[in-house]
Amino acid sequence: MSKLIIDGGRRLEGEIDVQGAKNAVLPILAAAILSDGKNIIYNCPNLSDVETTIAVLKNLGCKVKWEKNSVEVDSSTISGYTIPDELMRKMRSSIIFLGAIISKCKKAEVSMPGGCEIGNRPIDLHLKALRQLGVEITESHGFIHCDGSNMSAAKIHLDFPSVGATENTMLASCLLDGTTVIENAAREPEIVDLERFLNRMGAKITGAGSDTIVIQGVHKLYGVEHTIIPDRIVAATYLACGAITGGTVVLKKVNSNHIGAMLNILKDMGAGIYAEKDKVVLTPAKNLKSAGTIKTMPYPGFPTDIQSPFMALATACDGASVFVENIFENRFQHIEELIRMGANIKTDGRVAVVMGKTPLTGAKVVAKELRGGASLVVAALSADGETQIENVKFIDRGYDHIEKVLSTLGADIKRRD
Ligand code: EPZ
């Protein structure tokens with residue numbers, strides 16, 4: 001099991017390029033099966049979740065070449081329509097293939113995704129939308145059996161603006177005759193990137209980024225080239241690393257329009273922020289102070305994925321910081337580990353109150369899930385002494401060589417296998 005060894009207390013200084021967005025590349029790789037030709041995806045981050053997604057593509061019969069940050073997908077050889085249990089358990093967000101497989105093969109057999117570390121992750125909204133498109137769905141023996149032979153366009157209202165359900169509905173309807181409308185759609189930038197990719201392939205989709213997406217079905221989609229947007233969660237994580245160490249960090253290849261909610265919180269905490277479209281400069285706060293109450297919300301609200309890294313940052317802020325986690329029911333597992341490092345945090349249900357400023361000390365801690373693991377990295381960078389973070393595999397799901405990036409900024413961080 002790999003671990004990260006961090007000797008804290010060093011001010012981060014320097015400039016980094018932000019990696020491509022994990023949550024954009026996963027649905028776009030799934031969408032690639034809809035064309036009959038080759039797709040080339042650029043700015044693809046080197047992540048274990050991308051590795052798993054490529055394994056799903058190969059399991060379906062696609063030919064895939066992954067060289068550095070480019071992935072070439074040839075779906076002309078697709079032969080399967082199933083996602084086996086071991087792949088679904090490895091990455092539950094493989095459920096995003098469901099809509100694409102049904103679109104391509106008119107049937108699908110996928111293992112139930114089940115829950116994960118941050119919650120039970122239901123897919124009822126996905127299945128309800130697919131049924132409204134005419135997909136016949138039965139669930140048995142831990143598998144979801146889908147028959148898409150009698151599908152038709154429909155007007156769909158999502159009970160909650162689910163990112164995955166929005167994406168699955170887009171993928172399931174883009175090759176259907178007629179016009180499908182998704183109301184109360186999720187508005188995340190990753191959905192806009194998916195729309196951009198699909199339209200480049202020949203789809204006719206409008207409205208991504210708003211709460212209403214209109215998909216006019218077409219008969220064929222073509223292989224294209226596409227560059228993935230920057231990862232807004234990774235960008236904000238590295239800004240938190242800079243802020244907690246009192247450093248000056250320059251982010252390049254970032255989309256500052258996608259991180260407005262996080263930049264506002266950093267400014268409220270007293271950090272200096274200068275932003276251009278694809279560049280953000282963070283300069284130290286004279287004295288970090290609480291940003292008050294931070295509530296996670298669907299985009300463009302404060303993202304749930306950055307809650308835990310910013311909670312680590314809040315330990316260095318004067319005053320009480322209140323975090324309300326409105327999206328996932330089990331996204332506070334990093335708190336007991338932060339407390340081991342000296343944090344003063346009390347929780348009640350989905351509310352956590354962080355008393356600051358509390359000096360942190362290095363300790364042996366365990367990453368329990370992806371963003372909670374990133375939170376421990378943020379804390380360790382400011383802690384006095386050495387921190388050992390176990391289960392780095394969770395962090396590697398979403399952060400491309402985190403130790404190399406932070407070393408570029410002057411952190412004393414090593415990976416030990
Ligand atoms: C996507 O997950 C992201 N993952 C998550 O990022 C992110 O936290 C989440 O969106 C919210 O922004 C990918 O894009 C691969 P949802 P997704 O459907 O699509 C409930 C990370 O760290 N819900 O918007 O699964 C659900 O339980 C990951 O990068 C239902 O009730 O999120 C949750 O409470 C973690 N029924 C809420 O909606 C459903 O059918 C939001 O889920 C679907 C969702």
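Just so it is clear, none of the values below were taken in a lab; they were calculated from the coordinates. Computed from a predicted model, the values in this text were never measured in an experiment. Note that each Cβ is placed from the backbone with ideal geometry, even for glycine, and that neighbours are counted across all protein chains shown.
Work through the residues other than PHE143 whose Cβ is under 15 Å from its Cβ and net out their charges, Lys, Arg +1 and Asp, Glu -1.
Details: positive: ARG89, ARG92, LYS107; negative: ASP85, GLU86, GLU109, GLU136, GLU139, ASP147.
Around PHE143, the surrounding residues sum to -3.
Let's see if you can work this out: charge +1 on each Lys and Arg Cβ, -1 on each Asp and Glu Cβ, no other charges. What is the dipole magnitude of the chain about its Cα centre, in debye to the nearest 20?
On the way: 47 positive and 48 negative charges, 76 e Å.
Computed charge dipole of the chain: roughly 360 debye.
Sum up the charges of everything whose Cβ sits under 14 Å from the Cβ of THR52, counting Lys and Arg as +1 and Asp and Glu as -1, but leave THR52 out. Kindly include the intermediate steps, with their values, before the conclusion.
Working: positive: LYS22, LYS58, ARG89, LYS90, ARG92, LYS393, ARG397; negative: ASP49, GLU51, ASP85, GLU86, ASP396.
Neighbourhood net charge equals +2.
Name the lysines eligible as straight-distance cross-link partners of LYS277: C-alpha to C-alpha under 18 Å, and not fewer than 8 places from it in the same chain.
The reachable lysines, counting only those whose Cα sits under 18 Å from LYS277, are LYS252, LYS253, LYS267.
With no solvent and one point per C-alpha, what does the Debye sum give as log10 I(q)/I(0) for the stretch 22-227 at q = 0.07, 0.09, 0.15 Å⁻¹?
Summing over Cα pairs of the stretch 22-227 leads to -0.17, -0.28, -0.85.
Sticking with the crude label model, points 7 Å out along Cα→Cβ, report the distance from LYS346 to MET297 in nm, one decimal please.
Modelled inter-label distance: 2.7 nm.
By average Cβ neighbour count within 10 Å, what is the ranking of 305-315, 172-182 from highest down? Write out the running numbers ahead of the final one.
On the way: 305-315: 28.5, 172-182: 21.2.
Final packing ranking: 305-315, 172-182.
Using alpha carbons only, what's the Rg to Rh ratio of the stretch 1-127 with Rh from Kirkwood? The partial results should precede the final answer.
Numbers: Rg = 16.9 Å, Rh = 16.1 Å.
Result for the stretch 1-127 is an Rg/Rh of 1.05.
Determine the sum of side-chain charges near GLY119: Lys and Arg each +1, Asp and Glu each -1, restricted to other residues whose C-beta is under 9 angstrom from that of GLY119. Please list the in-between numbers first.
Working: positive: ARG121, ARG331; negative: GLU117, GLU329.
After counting each charged neighbour, the total is 0.
Which lysines does LYS393 reach when only Cα atoms under 18 Å apart count, and residues fewer than 8 places away in its own chain are ignored?
LYS3, LYS22, LYS90, LYS364, LYS368, LYS404, LYS414
P(r) of the stretch 180-330 in 10 Å steps, Cα pairs, percent per bin?
Result returned by the calculation: 11, 34, 29, 17, 7, 1.
Tell me, what does the Kirkwood hydrodynamic radius of the stretch 287-417 come to in angstroms if you use every pair of distinct C-alpha atoms? Before the final figure, lay out the partial values.
Working: mean 1/r = 0.0676 Å⁻¹.
Hydrodynamic radius (Kirkwood, Cα only) of the stretch 287-417 equals 14.8 Å.
Tell me which of ILE215, GLN307, PRO284 sits at the most positive position along the dipole axis of the chain, charges placed on C-beta atoms (Lys, Arg +1; Asp, Glu -1).
Working it through, the farthest residue towards the positive pole turns out to be PRO284.
If packing is taken as the average count of other Cβ atoms within 10 Å, what order do 216-223, 164-171, 89-96 fall into, highest mean first? Could the numbers behind the result be given before it?
Values: 216-223: 16.0, 164-171: 27.4, 89-96: 20.9.
Final packing ranking: 164-171, 89-96, 216-223.
As an exercise, take the mean of 1/r over every pair of distinct alpha carbons in the chain, invert it, and state the Kirkwood radius in angstroms.
Details: mean 1/r = 0.0460 Å⁻¹.
Evaluated on the chain, it is 21.8 Å.
Could you give the distance between the Cα centres of the stretch 91-128 and the stretch 344-417, to the whole Å?
Using only Cα atoms, the two centres lie 30 Å from each other.
Alpha carbons only, please: Rg and Dmax for the stretch 186-240, in angstrom.
Gyration radius and largest Cα-Cα distance of the stretch 186-240: 13.6, 46 Å.
Need one number: nm distance between label points at TYR274 and ARG415, each 7 Å from Cα along Cα→Cβ, rounded to one decimal.
3.3
With runs of 4+ DSSP H residues as the only contributors, calculate the mean residue ellipticity of the chain at 222 nm using -39,500 (n - 2.57) per run, divided by the residue total and rounded to the nearest 500. Numbers along the way, then the final one.
Working: 14 runs with 132 residues, N = 417.
My calculation for the chain gives -9000 deg cm²/dmol from helical runs alone.
Expressed in nm², what is the orientationally averaged projection area of the convex hull enclosing the Cα positions of the stretch 350-415? Provide the component values of the computation, followed by the final result.
Details: hull surface 20.3 nm².
Directional mean of the projected Cα hull area for the stretch 350-415 stands at 5.1 nm².
Which cross-chain or sequence-distant (5 or more) residues have an amide H under 5 Å from the amide H of LYS357, H modelled 1.01 Å from N in plane?
GLY319
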